[in-house]
Structures are given as structure tokens and as C-alpha cells.
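The values are calculated or read from the model by the stated rules, or taken from the named source; none is laboratory data. All figures in this text were calculated on a predicted structure; none of them were measured in a lab. Here the Cβ positions follow ideal geometry from the backbone for every residue, glycine too, while neighbour counts run over all protein chains shown.
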Amino acid sequence: MKKKNMVVAAFLLPAMLLLIIFKIYPILLGVYESFFTYSFVEKETIFSGLSNYINLFTDNTVRNAIKVTLVFNIVVNPVQILLSFGLALLLMVKLRGQRVFRTVHMIPVAVSFTIACTLWGVLLSPEQGLMNSILNMFGIANQSFLNDKNQALGWVIVLASWKGLGYWALFFITGLEEVPGQLYEAASLDGANYWQSLRWVTMPQMKQTFKFVIVSDTIANFILFVPAYVLTGGGPKGATDFLMYRIYRTAYQYSDINLASAMIVVLLVMLGIIVGAENFLLRDKE
């Protein structure tokens, strides 16, 4: 038994070392750095206690970034999950050419986020974009889209949903394929229709899949960065200034690594609370 444990430990050791070096150590370093500030007078980094955290919550731009991130997640997570589950159900229907449809739905997943943002930027161009051309055909005047503070976040939600739809649908398809066919046969013999089978057979069997997708989707959307970086620059007027993008600007444009570290700690704490709440609400109660 001891020899077997040593073999298991030997196989796990490389993975654990990589986890410590590339995941745990950077987090601990970030927490450590958040308690220091660079002094331009003394030209050295000095201990400043909680001053970085105090500055964060008194900074309107940071509070706006937290608000934008939370609003974005409150809207985009349910949209992505419901639509991707609906897409998975459609792709499970046995029709001619179903393999073609399953391939097509993966196109947004195969396209990199940077390229996807560039394509959507062209599509939503206020001057020559295809979207305004389509709207003009119905007598609707040109829209500013990403240049309008009232529309920008909504279009980023549409873009993020389009990009993630096929990806999360893959997990739902896998979960649906693992539901035993005998359960559907038994439900059919009891007179259950499609919606009743979905409610009483499919959904209970898909609980773990939903839990995984909900938690993973939350994490992915909470650290969203590319659309703000490529398309909007956090604008207009902070409408798409996500917390992750604000961290990037603080660290690399304003060269304040210590304040950015404090922001990362705040982001991780918020994410930990939300994911913890999701795990608690979706736990097995049996």
C-alpha cells in the first residue's frame, strides 16, 4: 500500500509543482505586494498597510469597474447557460445533416476572441457596418452601438454570448448523452410528454453538468478582458470598463503594480464569494 502511494505521489508531484509555481505562488505574491506602495520621494517600495485597499474603494473608476463587472455577469451568465442548453437540446434532435449543424455551431468557439472582437467591431461600425445597413433596410436610423454608453455593454453581452454559446453547449450535449435511455422509455410508458420528460428526467440527471457550467461560466466571465481591450477601451464613459481591464490599465499603463495587486485580491475575493455561494446553492441535498 505504501509503495502504491509513493507511485501515485510521484505522478502527482510534477502537476503539483506546476500548480504551486504558476498558480499559488503568483496569488500569494499578489497579496504580499498589495500591502506596499512605491514612494517617489524615497524611490523605493515601502509598507503601506491597507492604504491601497482604502484607495480602491474611494476611487470612482474602480467602483464603476466593479459595478460593470457585476452587472455584466448578472445578465450574461443566465443568457449563456439557457441559450447553450437550448442549443444542446436542438442538436440532440435526430435530423438529417445533424453532424453539419454540430460542426457549424462550433465556428464561434474555433475563432479566437481577438479575431471575433475585430469582426464584431467591423459589423457594428457606426459608419459602414453591416448591422446599420440591415437596420436602414427597415427604416431605422444609424446606431452608434459600441460608441453609445447606453448600448455598449449590451453589445458586449451579445458578443460574449455568441462566443461562448457553442462552447458551453458541448458540455450540455455530453451530459444529455449520458442520461440513460431507459429513463425516457419509462417516462414515456407512464404517459409523460416531451416537456414532462425534460422536467422530471433530464433536469435531475443534468444537475452536475449544470453546476459545472454555471461555476465555470461565472469564472470565465468574471475575468473577461479581450472585448474591452480590443473594441471599447473600457468606454464609452466607463460603460465597459471591466475590473480585469481596469487591473491591466493600472498595472501596465499607470505602472502601479501594488494597487493592481490589491485590485486582483478584491477580484479573487469577490469571485470566491460568488462561486462559493453557487456551490452551496447547487449542492446535493440528499
Which number in (1) exposed (fewer than 14 other Cβ atoms within 10 Å of the Cβ); (2) in contact (Cβ under 8 Å) with a residue 12 or more places away in the chain marks the one condition that residue 224 misses?
-> (1)
Among (1) surrounded by 11 or more Cβ atoms within 10 Å (Cβ to Cβ); (2) closer than 21 Å to residue 265 by Cα, residue 47 falls short only on (1)
Complete set of residues in segment 154-184 that are of a type in the set (Val, Ile, Thr) and part of a loop (DSSP other than H, G, I, E, B) | 179
Matching residues in segment 108-153 - criterion: being of a type in the set (Val, Ile, Thr), in contact with a Leu (Cβ under 8 Å, 6 or more places away or on another chain) and in a loop (DSSP other than H, G, I, E, B) | 111
Members of segment 140-169 that are among the polar types (S, T, N, Q) and more than 22 Å from the chain's Cα centre (by Cα) = 142, 143, 144, 147
From the list 162, 168, 195, which one is exposed (fewer than 13 other Cβ atoms within 10 Å of the Cβ) and among the aromatic types (Phe, Trp, Tyr)?
-> 195
Pairs only if they're at least six apart or on different chains, beta carbon under 9 angstrom, first in segment 232-257 and in contact (Cβ under 8 Å) with a residue 12 or more places away in the chain and more than 19 Å from residue 116 (Cβ to Cβ), second surrounded by fewer than 19 Cβ atoms within 10 Å (Cβ to Cβ) and acidic (Asp, Glu); list them, first residue then second.
-> 236/148; 239/148; 250/256
Enumerate the pairs (first residue in segment 122-136 and in contact (Cβ under 8 Å) with a residue 24 or more places away in the chain; second residue anywhere and surrounded by 16 or more Cβ atoms within 10 Å (Cβ to Cβ) and part of a helix (DSSP H, G or I)) with beta-carbon separation below 7 Å, excluding pairs fewer than 6 apart on the same chain, so at least 6 apart or on different chains.
-> 124/131; 124/145; 124/146; 124/155
Given (1) modelled with pLDDT under 85; (2) outside any helix (DSSP H, G or I), where does residue 102 come up short, assuming only one miss?
-> (2)
Log entry, pairs with first residue in segment 145-158 being at pLDDT 95 or above, second being buried (at least 20 other Cβ atoms within 10 Å of the Cβ) and charged (D, E, K, R), beta carbons closer than 6 Å, six or more apart or on different chains, reads none
For segment 116-132, what are the residues that are surrounded by 11 or more Cβ atoms within 10 Å (Cβ to Cβ) and of a type outside the set (A, V, I, L, M)?
-> 117, 118, 120, 121, 125, 126, 129, 132
Yes/no for residue 127 being in contact with a strand residue (DSSP E or B) (Cβ under 9 Å, 6 or more places away or on another chain) and either on the phi > 0 side of the Ramachandran plot or among the acidic types (Asp, Glu) (or both) = no
When (1) within 25 Å of residue 68 (Cα to Cα); (2) at pLDDT below 90 are applied to residue 107, the one that fails is (1)
For segment 189-286, list the helices (runs of 4 or more DSSP H) that sit wholly inside it and hold at least 2 residues that are touching a Leu at 6+ places or on another chain (Cβ under 9 Å) and among the hydroxyl-bearing types (Ser, Thr, Tyr); which are they?
-> 207-222
